[in-house]
Amino acid sequence: MNTTFGEYIRLLRTEKQLTLTQLAAKLDLDSANLSKIENGKRDFDEKRLPKLAKIFGLKLKELRNEYVTDQIAKQIYETNCTKQLLQVAEEKAEYRRTLNKTLQTQ
């Protein structure tokens, strides 16, 4: 999806015809904080993902993937990563996967 996680929350909220205040109350947030999340001025707290999934009837794994990819994209943007740097990072991630498999078989 080509949106930030905050924009995604806003899209879900408007599709379900919830006001900012209504959704904020369901998430135990105040509406000002939710507004900042939707506008990209504050990050969504990962601990609230299960509650968000339940509110919108989404699969938690898919919602978490959306959240994580947004966090990674934000990190890439903020650090001005090059494609070469990302390639090295992917190689390191693959190495960690290999290590993990090795440890599990021991």
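Quick one: dipole size for the chain, taken about the Cα centre, charges +1 on Lys/Arg Cβ and -1 on Asp/Glu Cβ, in debye to the nearest 20. List each step's numbers first, then the result.
Values: 20 positive and 15 negative charges, 62 e Å.
Charge dipole, the chain, about its Cα centre: 300 debye, nearest 20.
Kindly state, as a whole number, the per residue volume in cubic angstrom of the convex hull around the alpha carbon atoms of region 5-80.
Once divided by residue count, the hull of region 5-80 is 78 Å³.
What FRET efficiency would be calculated for the residue pair K51, T3, taking the C-beta separation as r and a Förster radius of 22 Å, to the nearest 0.05?
Plugging the Cβ-Cβ distance into 1/(1 + (r/R0)^6) gives 0.65.
Report the label-to-label distance for Q22 and Q84 in nanometres (one decimal), using points 7 Å from each Cα along the Cα→Cβ vector.
In this crude spin-label approximation the distance works out to 5.2 nm.
Given the DSSP H assignment, sum -39500 (n - 2.57) over each helix run of at least 4 residues in the chain and divide by its residue total; what's the result at 222 nm in deg cm²/dmol, nearest 500?
Dividing the helical sum by the residues of the chain leaves -23000 deg cm²/dmol.
Given the pairs K61/K92; K54/K92; K61/K83; K26/K61; K16/K74; K54/K74, which span a C-alpha to C-alpha distance of over 32 angstrom in this model? Let's see the in-between values first.
Details: K61/K92 24 Å; K54/K92 34 Å; K61/K83 27 Å; K26/K61 20 Å; K16/K74 27 Å; K54/K74 25 Å.
Table pairs above 32 Å Cα-Cα are K54/K92.
Which residue, K47, K36, K61, has the most motion in a Gaussian network model of the chain that connects Cα atoms within less than 10 Å?
Checking each option, the largest mean-square fluctuation is seen for K47.
Please compute the length gained on full extension between Y95 and L58, using 0.36 nm multiplied by the number of residues separating them and subtracting their Cα-Cα distance.
Working: separation 37, 0.36 × 37 = 13.32 nm, distance 3.20 nm.
Full-extension gain reported as 10.1 nm.
Would you kindly derive the ³J(HN,Hα) couplings of region 35-48 from the backbone phi angles with the Karplus curve 6.51 cos²θ - 1.76 cosθ + 1.60 (θ = phi - 60°), listing them in order in whole Hz, with x for Gly and Pro?
Per residue, the Karplus-derived 3J(HN,Hα) values read 4, 5, 5, 4, 9, x, 9, 8, 7, 6, 7, 4, 5, 8 Hz.
Taking only C-alpha pairs under 8 Å that are 6+ residues apart, what is the relative contact order of region 5-80 in percent?
With pairs under 8 Å counted, the relative contact order is 30 percent.
Here, each number is a calculation from the coordinates, and none is a lab measurement. Given the structure is predicted, the values throughout are model-derived calculations rather than measurements. When we count neighbours, we look across all protein chains shown, and the Cβ atoms used for this are built from the backbone with ideal geometry, even at glycine.
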